[in-house]
Structures are given as C-alpha cells and as structure tokens.
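**Student:** Would you mind keeping the following structure in view while I ask a few things?
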C-alpha cells in the first residue's frame, strides 16, 4: 500500500509539474509577443523621429538660406545708399 501511495503522490507531482511547464510556456509566448510588439513600436517611433528630424533640418536650411539672401540684399542696398548719386534698383 505504501508503494501505491508513493506512486500516486509521484504521479500527482508529475501532473502538477507538467501543468506548471505548460503555464510557463504560455507565459513565455506572451512575453515574446509583448517584446516583439514593443520592438515594432520602437522601430516605428524611431522612424517617425528620424522623419521629423529630416523635416526640421530641411526647414532650418530653407530658413537659413532665406535669412542669408535677405542679409545680402540689405548689404547691397546699404552699399548702394552709400554711393553718392546712386538711385538704381538693386536686386
């Protein structure tokens, strides 16, 4: 009888351990899916930020060029005003 009780306990223990293994496998799958989703979101966010950075750099370049062109025009106008008798249109 003792052997039978021990065998029953061992079988119960094996069943419990198998259930725990199944639970761990499910948890692992869930965690892997979450990690995959986070990586996908991270890549998408990085891509959006890189696009925004490119857009801002282009906007900054256009602004700098416009400021430079206006400064050149201002300098040319100032030089034209400093010349005696100069009334020509500088563009």
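Please treat every number below as a calculation from the coordinates, not as lab data. Predicted, not measured: the structure shown is a model, and the values here were computed from it. Cβ coordinates were reconstructed from backbone atoms using ideal geometry, including for glycine residues, and neighbour counts include every protein chain displayed.
**Student:** Could you check the spin-label model distance between residue 71 and residue 11? Points 7 Å from the Cα along Cα→Cβ, value in nm.
**Tutor:** Here the modelled spin labels are 9.0 nm apart.
**Student:** Now, a different point. Counting each DSSP H run of 4 or more residues in the chain as -39500 (n - 2.57), what helix-only mean residue ellipticity at 222 nm follows after dividing by all residues, to the nearest 500 deg cm²/dmol?
**Tutor:** So the calculated ellipticity at 222 nm is -34000 deg cm²/dmol.
**Student:** Continuing with this model, one more query. For the chain, with a Gaussian network of springs between Cα atoms less than 10 Å apart, report the residue from 53, 12, 33 with the top mean-square fluctuation.
**Tutor:** 12
**Student:** Could I ask something else about it? Using bins 10 angstrom wide from zero, how does P(r) for the chain break down, in % of all Cα pairs?
**Tutor:** Bins of 10 Å from zero give 13, 15, 11, 11, 10, 9, 8, 7, 6, 4, 3, 2, 0 percent of pairs.
**Student:** Right, another one. Semi-axes of the range 21-72's equivalent ellipsoid from the Cα gyration tensor, sqrt of 5 times each eigenvalue, largest first, rounded to whole Å?
**Tutor:** That gives 50, 4, 4 Å for the three semi-axes.
**Student:** Relative to the longest principal axis of the C-alpha atoms of the chain, give the angle of the C-alpha long axis of helix 2-82, reported between 0 and 90° and rounded to the nearest 10°.
**Tutor:** 0 degrees
**Student:** Just 45, 25, 13 to compare: in a GNM of the chain, with alpha carbon springs under 10 Å, which one fluctuates most?
**Tutor:** Top of the fluctuation ranking is 13.
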